[in-house]
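The values are calculated or read from the model by the stated rules, or taken from the named source; none is laboratory data. As the structure is a computational prediction, the values presented were derived from the model and not from experiment. Don't worry about glycine lacking a Cβ; one is built from the backbone with ideal geometry, like all the others, and counts go over all protein chains shown. In case anyone asks, the SASA skips ligands and DNA or RNA and just uses the protein heavy atoms, side chains included. Shrake-Rupley method; radii C 1.70, N 1.55, O 1.52, S 1.80 Å.
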Amino acid sequence: MSTTTMTFTRTPAEEATARAMSRRRRVMDQIIRLFCIGATLVGLFFLASILFTLLVKGLPRLDLITFTREFQPTTYGDDTAPLGGLLHAILGTLVQSGMGVLIGVPIGILVGTYLSEYAKGTALGNAVRFVSDVLLSAPSVLVGLFVYQLVVLPTGGFSAIAGSIALAILVIPVVVRTTEDMLQLLPNTLREAVIGLGAPKWKMITLVAYRAALSGIVTGVLLAFARIAGETAPLLLTSFGNNVVSWNLGNAMGSLPIAIYQQANSGFPDLIAVAWTGALIVTLGVLAINITARLFLARRK
Amino acid sequence: MSATTSDTVSRRSAGATGDLVFAWLCKGAGLLVLLLLGGIIITLFLGGLPAFREFGLGFLFSTEWNPVEGRERYGAAVAVSGTIFSSLLAIAFAVPLAFGIAFYLTELAPQWLRRPVGIAIELLAAVPSIIFGMWGLFVLVPFVQQKIQFTIGMELATIPLIGVIFDSNNYAGTSIFAAALVIAIMIIPFIAATMRDVFEQVPAVYKESAYGLGATRWEVVRNVVLPYTRVSVVGGIMLGLGRALGETMAVTFVIGNANRMAGSIFDATTTIASVVAMEFPESLAGSLKQSSLFALGFILFVISFIVLAVSRWLLHSRMKG
């Protein structure tokens, strides 16, 4: 590391300069090292702070009432009034996210299959891949605007169907990505072996390739569900929100993110407390699904 | 004998039909994705057409947002500049931190720590936008107000010339600065993950030769890793920018939602996504206001499409495969 082994002789002045430079380099390295450790700690601190805040403010109302009752107006100034819950929102999120996954996943898998098995290197394939990647990061509120024009206006009102379609559009690019990635990991010899046995290509894909890539596809579905379960903006423009339990897909339907949004901005402490509990439920759910998806993939590897 | 042959033939033709159907299903789904993008662009444009017609190019430059009946005037200037400035400020906050995290995870951290820390950072990206919004409003905004604006900000505001950037008579704490901070926290995981992935693609031989010459870790990163991954690093930053531009709920909570040009980073203003989320649900179908919101959406889509396309292109040129 240092300049002790020399093939030529240096004057003492040169020696001092060399030592100073080497010291400066090491100090610089240490500064950057500390900065990077600091940056990582800051990143982890934010996650910890969010989780800590959610737990502190969300736990007080994490009770049976929250899971079994619908929205109630504030009890502010009237202690005898019934406390409200989030049943309508939890059910609404499960229904709409579930339908979003149900609609979006088959399409996403087909697109991923197309990219990996049919359109490798073609111009159309590259265009589809590119557009799918752009949609993956495109502002979700604009998807809400799109579905508003496409579904809400023609059908005459906000509906759970419209919400599910908006969520399905957000699901597709996530599933496309994971499906294509997983199918590409399969060795070509596997495909050749199945085709060589006389099976048609579509059977090779559906019966063998999908099965071999199953863990990756499941991971994609889980991640997609986690992503849409917390989406607020597109639902605001499509299913709008509802304060009671609704099973009618043609009507407005509540959802956890929207219940959180409305109650957090209500200004009443008791409603804000319910919003925090909702936030805690959504976050723990989403993080749990994410960790499960990772474990699922890791076990496979 | 002949029966088996025809049997084989019919089975093969059944396979061929199945192949055709399945291939077209896949292709159709692919075309649907293209159609989605086209559909989004067209519906946003058509929705915004009445506003574009009414206000012309002036829509882009007008700072007015007046929903009073009979005197309705709408302009995009405040929301567009709010979107761009909050995103750029967020990038300025996020990039050094994301780089630090990526450098730490690829070169500095002990092997056993890399996976858990990497996963924790990725989990930060999974937290829904609205949670960042609530946390931002109830935790970050008071902190920004008390510990940054009222102390450091007020000091900085006394500096001549650049002081105006920090001087604000908005004391609520909800500001473009708070919004940029929240956006920065949200996009750090995306930028850091991209940087980490491209840093890991640098051939080990390159780094080892530099280490062999006596280079420090920082020198290796600065002179070997960064030049090698430059294009992809910019691509990752653009990806973060694309996400920042469209961030909706988190921003809505903390930016103050005022239709005013922000002269200072502590002023309240608004962004396109935030205006749409706030005002669209209460706008009347077919009204000029709703059309103006569609027009804003169209502008946002065009901006983020360009940024995301450039990002994709930069990331693809190096990270092929």
Divide, for segment A:12-61, the radius of gyration over alpha carbons by 2.2 N^0.38 Å, where N is the residue count. 2.22
To the nearest 0.05, what FRET efficiency results for residue B:284 and residue A:72 with a Förster distance of 30 Å applied to their C-beta separation? 0.50
Identify all aspartates and glutamates with a Cα-Cα distance to residue A:57 below 18 Å; exclude those on the same chain that are fewer than 8 residues away in sequence. A:270
Within 10 Å of each Cβ in B:296-304, the average number of Cβ atoms from other chains: 3
Report the gain in length on full extension from residue A:243 to residue A:44: 0.36 nm times residue separation, minus Cα-Cα distance, nm rounded to one decimal. 68.0 nm
Selected from B:206, B:104, B:228 as most flexible by GNM, with chain B as the system and alpha-carbon contacts under 10 Å: B:206
Residues of segment A:202-223 that bury at least 30 Å² of accessible area, probe 1.4 Å, when all protein chains are present rather than the chain alone, are A:202
Round to the nearest 0.05 the FRET efficiency obtained for residue A:210 and residue A:102 when R0 = 22 Å and r is the Cβ-Cβ distance. 0.80
Among trypsin sites (Lys or Arg not before Pro) in segment A:43-130, those in a DSSP loop whose Cβ has at most 13 other Cβ atoms within 10 Å are A:120
For segment A:87-300, what does the alpha-carbon gyration tensor say about shape, rounded, prolate or oblate, given a ≥ b ≥ c as the root eigenvalues, a/c under 1.5 as rounded, and a/b over b/c as prolate? prolate
Give me the accessible area of residue B:143, 1.4 Å probe, in Å² rounded to the nearest 10. 100
Once amide H atoms are placed 1.01 Å from N in the peptide plane, what residues at a sequence separation of 5 or more from residue A:76, or on another chain, have their amide H within under 5 Å of its amide H? none
Among A:73, A:187, A:234, residue whose mean-square fluctuation peaks in a GNM of chain A (springs only between Cα atoms under 10 Å): A:187
Rg/Rg_ref, the protein assembly as shown, where Rg_ref = 2.2 N^0.38 Å and atoms are Cα: 1.07
³J(HN,Hα) across segment A:104-116 via Karplus (A = 6.51, B = -1.76, C = 1.60, θ = phi - 60°), whole Hz, x for Gly/Pro? x, 5, x, 5, x, 5, 5, 5, x, 5, 4, 5, 8
Using a basic spin-label model with each label point 7 Å from the Cα along Cα→Cβ, how many nm lie between residue A:296 and residue B:155? 5.1
Give, as ranges by residue number, the residues of segment B:211-229 whose backbone N falls under 14 Å from the point 7 Å along Cα→Cβ of residue A:27. none
Quick one: which residues, 5+ away or cross-chain, put their amide H under 5 Å from the amide H of residue B:269? H built at 1.01 Å from N. B:176, B:257, B:258
Is segment B:77-319 best put as rounded, prolate or oblate by its Cα gyration tensor, with a ≥ b ≥ c the root eigenvalues, rounded for a/c under 1.5, and otherwise prolate when a/b is larger than b/c, oblate when not? prolate
